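First up is the structure itself, then whatever we jot down about it.
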Amino acid sequence: MAFRLKIVPDVTNYNFFRWQSLTFGISAVAVTISVVLLLTMGLNFGIDFRGGTTIRTESPTAFEVSDYRTALSDLDLGEVSITEVFDPSFGENRHVAQVRIGATEDTQAMTPEQIASVEAALKTVDSEIRFAAVESVGPKVSGELIRTAIYAVVAASAGILLYIWLRFEWQFAVGGVAAIVHDVVVTMGIFSLLQLRFDLSTIAALLTILGYSINDTVVVFDRLRENLIKFKSMPLIDVMNLSVNETLSRTVMTAVTTALALTALLVLGGDVIRGFVFAMLWGVLIGAYSTMYVAKNIVLWLGVKRDWSKPDPDALPDQFTTQP
């Protein structure tokens with residue numbers, strides 16, 4: 001006998017609007033707190049946005065990133081990020097690393113003396129190491145990266161708004177974009193509260209969250225549109241509850257399987273991708289929440305045009321009735 005694990009029953013009848021005022025209020029408070037945190041505490045910008053120095057090292061012998069990090073821990077530098085660079089063109093005797101040192105309040109770029117001290121510290125670990133390239137990112141370039149990141153998020157949101165408007169109706173577009181703005185703002189609020197490093201990889205995670213969240217929302221909206229045509233005499237709130245219940249298994253299974261993979265990366269992936277993975281994991285969870293408790297609430301309040309001329313009472317599902 002085959003065994004199937006079921007997180008969600010085949011048929012559900014949950015009333016997602018029972019606590020709509022509470023859930024929407026929680027979302028409004030979370031967005032407000034996130035905005036306050038961003039204005040007061042700000043974000044812990046990484047090297048990409050704050051500026052700093054990038055050093056490319058090469059060595060004929062293999063190395064451990066942890067050894068490099070330990071060697072630099074006593075130099076009182078800014079934020080240090082070390083990654084090993086892999087390339088199919090590298091031979092067996094070419095081992096490359098990228099050492100990124102963030103700017104401090106005193107200096108925007110490292111002095112030649114500081115670079116020499118970094119090289120001396122790394123040579124205590126690997127005497128054959130050499131610096132292949134040293135580059136500095138100043139505050140002007142960092143400011144341009146911040147503006148470009150903002151433009152990317154705004155452009156993605158605008159494109160999603162236009163697509164859903166053309167695909168469905170403007171009420172759906174407003175609900176969908178409100179949900180993804182909710183997800184992005186609250187995610188940035190979490191980064192501000194915990195002072196997690198915010199860099200270009202985090203921006204990539206935010207853009208991925210936009211796509212993931214709106215994909216889940218569009219699935220619910222698509223089922224809602226089908227049910228609005230099928231159940232013409234059913235009240236809108238009941239049709240929306242039915243649509244969310246019919247897609248609930250898909251929403252939960254997608255979120256759980258994605259979260260399992262991201263949790264493994266968060267635990268085992270190392271410090272380099274931890275910020276990106278954390279943003280993705282949080283985005284998956286809050287994206288599922290916003291689909292069920294933000295997007296559809298806004299669509300319900302705005303209302304949707306319906307054709308009431310040809311009701312089909314025989315098509316009403318007997319198993320679905322909204323409980324108070």
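Below 13 angstrom from the Cβ of residue 209, what's the summed charge of the other residues (Lys, Arg +1; Asp, Glu -1)? Net local charge, residue 209 excluded: -2. The residue 22 and residue 264 beta-carbon pair, evaluated with R₀ = 41 Å, returns a calculated FRET efficiency of approximately 0.75.
Spacing of the modelled spin labels on residue 226 and residue 93, each 7 Å from Cα toward Cβ, amounts to 6.3 nm.
Here the calculated FRET efficiency for residue 75 and residue 257, from their Cβ-Cβ distance with R0 = 30 Å, stands at 0.10, rounded to the nearest 0.05. Averaged over residues, the count of other Cβ atoms within 10 Å places the peptides 180-188, 248-256, 207-215 in the sequence 180-188, 207-215, 248-256, highest first. Shown in residue order for region 91-99 are the 3J(HN,Hα) couplings computed by the Karplus curve 6.51 cos²θ - 1.76 cosθ + 1.60 at θ = phi - 60°: x, 5, 9, 10, 10, 10, 9, 10, 10 Hz (x for Gly and Pro). Put simply, the amide H of residue 198, placed in the peptide plane, has neighbours under 5 Å in 44, 45, 46, leaving out anything fewer than 5 places away on its chain. Amide H contacts for residue 85 (H built 1.01 Å from N in the peptide plane; partners 5 or more residues away or on another chain; cut-off under 5 Å): 96, 97, 98. A Cβ-based charge dipole, computed about the Cα centre of region 108-251 with Lys and Arg at +1 and Asp and Glu at -1, lands at about 460 debye. Label-to-label distance for residue 125 and residue 304 is 5.6 nm, based on points extended 7 Å past Cα in the beta-carbon direction.
FYI, it's all coordinate maths here, none of it is from the lab. If you're wondering where the values come from, they're calculated on a predicted model, not measured in any experiment. Neighbour counts are summed over all protein chains in view; Cβ atoms, including those assigned to glycine, are modelled from backbone coordinates with ideal geometry.
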